[in-house]
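Contents: one structure, followed by commentary.
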């Protein structure tokens, strides 16, 4: 018996490439005399690659317990528990039920753990087993051996081989046919899938190379029988493709052959056929021949040709016209414009010459005036090509966008709005609105003080003459001509956003510097107030600022009258200013009047008088009778009047007691009788602004055009 065991061990050792440490016995401590209490064993071995490690238990006698809680043998394969044993098992049972389970994966490991507890009333002999390594047959036991045709097992591995006519690919597993053919120089011939008309080979990768003279093209004629494997959803599993000099035709598959004849428009092509490892499809067959090259109808993408034909022969000429939104990518001398079309001729090589691409029209960034406050909304990756969109907006809520906010890049290369207007929008000042509106009443002479923000269009002129002005947009103000007469050559300081005239240097007060003064051409200039002036007709002037005014809640423009906003009898309005607030001695119309100017801005609600009442003009302190014209109106109320120093200031409608806006500049403080003269019922005379709106807009427009020319 001992000799037989030794012989068995020798045979196993000779049949295995592993070392002897992977062959032998494993048994419990004290076997076969019996294992003691608190005994333990931790045993493990691993098989080399391409081998498995197995164990055969030939004897098992352990203390039996429920779920083998007392004494037990546990066997693990690659860390996973595969068996727990206890009690007594006969050799036949071990061989039939237990041993077949005690095997590792190829190249895997087995581990055995034995433990006994403290109680072992009856002495048990323990266990004994034999372990060995065995070659793993990948061809039989591994369905993933990847051999596509033949598999050959050897100790520690396997190899693949192929049928006659196939060769083993570089991956050493895939069998493929040798179907590459060089057909260079042949003008006629036949090509088919491997084994045609029988089912084509699996794992085919066939490449047929054809090349003829440059002025010729290859033309393919397919057999009606065409059978290349295709999935139910129409995707090509196996595929036929034709590689030409200008691109790839295909892939083709299914049971419908490519159109025949199939012109390739190329003298050098490669026909490529590929298949997977499954399927019994027949494949394809074709014959090839040559013909003179022709030019295709498509010269370049995004264009059309005239005249239109399927193909063109050598020497034929066509006109290429780019599609809408595209231009020919060509530069012409002495012009920046790109053409929409060009002429080209078919060459013997089957190409068009000249050949230019049609590129998307690019509108570029829209042209916005340098002095415009209009702002463009564009993201970092936004484009300016045909059909792209841009959006405009104004810098603050003190402006409103006049025109469309969205523009599209048109086919002509211009930005156009949804209404097909190419003129850019502009930001127009929001005029005549009050943010902090509080209804109140007062009067200049003896009235309440104005609060900050109640007359945000009111400007103060302190030197060299005291007067007022009204802001009408972010660059211009309007005043009475006699306030600025003779001051055209100096820079005036105008103060806005204040009510205390003594605090014009405080933070928050806007100091506006004049750039230009324009006095109405029909105003009678150069006559001192205290002398022989009998006429204040056309008493209006414009003041242009050196820079844009920054609007805020206390500094905003007043609206110019428009439409039905004219002066009518009993119209309620509000006049404001920093003029005289009380008399000391006999008041006069000029700066020699005794008294003092208001420190705080005053305002008063007054009514427009009738035409007849206005024509009853007052006699001045010097005995001069003043003239009344259609360019004036008069207004006042008992105890309410404008006075010297208020000149140039605004009379606005509607009154503060009716609405928060918008307000319109209907009058400019011009002239009148001495302040608080009861005989004249506090009647003041005002320049009728509605008569000058056209003149104001024309002058501002002329100045803007002049600035553009200077910048250009």
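The values are calculated or read from the model by the stated rules, or taken from the named source; none is laboratory data. Treat the numbers as computed from the prediction; the structure is a model and nothing was measured. Note that we place each Cβ from the backbone using ideal geometry, even for glycine, and neighbour counts take in every protein chain shown.
Is region 101-113 home to any residue that is more than 22 Å from residue 22 (Cα to Cα) and in contact (Cβ under 8 Å) with a residue 60 or more places away in the chain?
no
Per-residue answers, yes or no, for (1) farther than 27 Å from residue 306 by Cα; (2) assigned to a loop (DSSP other than H, G, I, E, B); (3) touching a strand residue (DSSP E or B) at 6+ places or on another chain (Cβ under 6 Å):
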residue: 349; (1), (2), (3): no, yes, no
residue: 365; (1), (2), (3): yes, yes, no
residue: 371; (1), (2), (3): yes, yes, no
residue: 396; (1), (2), (3): yes, yes, no
residue: 400; (1), (2), (3): yes, no, yes
residue: 412; (1), (2), (3): no, yes, no
residue: 424; (1), (2), (3): yes, yes, no
residue: 427; (1), (2), (3): yes, no, yes
residue: 431; (1), (2), (3): yes, yes, yes
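So that you can scan it fast, the table gives a plain yes or no per residue for (1) crowded, with 17+ Cβ neighbours inside 10 Å; (2) closer than 27 Å to residue 174 by Cα:
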position: 214; (1), (2): no, no
position: 217; (1), (2): yes, no
position: 220; (1), (2): yes, no
position: 229; (1), (2): yes, yes
position: 244; (1), (2): yes, no
position: 247; (1), (2): no, no
position: 269; (1), (2): yes, no
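Go through region 373-389 and count every residue that is farther than 23 Å from residue 322 by Cβ and touching a strand residue (DSSP E or B) at 6+ places or on another chain (Cβ under 7 Å).
The qualifying residues number 6.
If you check residue 262 against the conditions, is it buried (at least 21 other Cβ atoms within 10 Å of the Cβ) and either farther than 30 Å from residue 150 by Cα or out of contact with any helix residue (DSSP H, G or I) (no Cβ under 6 Å at 6 or more places or on another chain) (or both)?
The answer is no for residue 262.
Give the number of residues within region 147-160 that are farther than 14 Å from residue 107 by Cβ and surrounded by 15 or more Cβ atoms within 10 Å (Cβ to Cβ).
Looking only at that region, the number is 7.
Those residues that are under 60 Å from the mean Cα position of the chain (by Cα), in a strand (DSSP E or B) and touching a residue at least 24 places away in the same chain (Cβ under 8 Å), I need them from region 73-100; list them, please.
If the condition is that a residue be under 60 Å from the mean Cα position of the chain (by Cα), in a strand (DSSP E or B) and touching a residue at least 24 places away in the same chain (Cβ under 8 Å), then 76, 77 are the ones that fit.
Looking only at region 331-347, decide whether some residue is assigned to a loop (DSSP other than H, G, I, E, B), modelled with pLDDT of 90 or more and closer than 30 Å to residue 244 by Cβ.
yes
Kindly provide the set of residues from region 245-265 that are within 16 Å of residue 296 (Cα to Cα), in contact (Cβ under 8 Å) with a residue 40 or more places away in the chain and not in a strand (DSSP E or B), ordered by number.
Of everything in region 245-265, those that are within 16 Å of residue 296 (Cα to Cα), in contact (Cβ under 8 Å) with a residue 40 or more places away in the chain and not in a strand (DSSP E or B) turn out to be 261, 264, 265.
Which of the residues belonging to region 629-652 are farther than 26 Å from residue 517 by Cβ and modelled with pLDDT of 90 or more?
634, 635
Which of the numbered conditions does residue 569 fail, given that it passes all the others? Conditions: (1) touching a helix residue (DSSP H, G or I) at 6+ places or on another chain (Cβ under 9 Å); (2) in contact (Cβ under 8 Å) with a residue 60 or more places away in the chain.
(2)
Within region 476-491, restricting attention to residues that are part of a loop (DSSP other than H, G, I, E, B), within 20 Å of residue 692 (Cβ to Cβ) and modelled with pLDDT under 95, which residue is nearest to the chain's Cα centre (by Cα)?
Among those residues, the one meeting the criterion is 488.
For region 440-451, does any single residue satisfy the condition of being surrounded by fewer than 22 Cβ atoms within 10 Å (Cβ to Cβ), at pLDDT below 90, in contact with a strand residue (DSSP E or B) (Cβ under 9 Å, 6 or more places away or on another chain) and within 30 Å of residue 526 (Cβ to Cβ)?
No, the conditions are met nowhere in region 440-451.
So, of the residues in region 51-66 that are in contact (Cβ under 8 Å) with a residue 12 or more places away in the chain and not in a strand (DSSP E or B), which turns out to be nearest to residue 99 (Cα to Cα)?
Step by step, filter region 51-66, then rank; the result is 62.
Considering every residue within region 524-542, establish whether at least one is assigned to a strand (DSSP E or B), in the same structural domain as residue 683 (by TED's automatic domain parsing) and touching a strand residue (DSSP E or B) at 6+ places or on another chain (Cβ under 7 Å).
Looking through region 524-542, at least one residue is assigned to a strand (DSSP E or B), in the same structural domain as residue 683 (by TED's automatic domain parsing) and touching a strand residue (DSSP E or B) at 6+ places or on another chain (Cβ under 7 Å).
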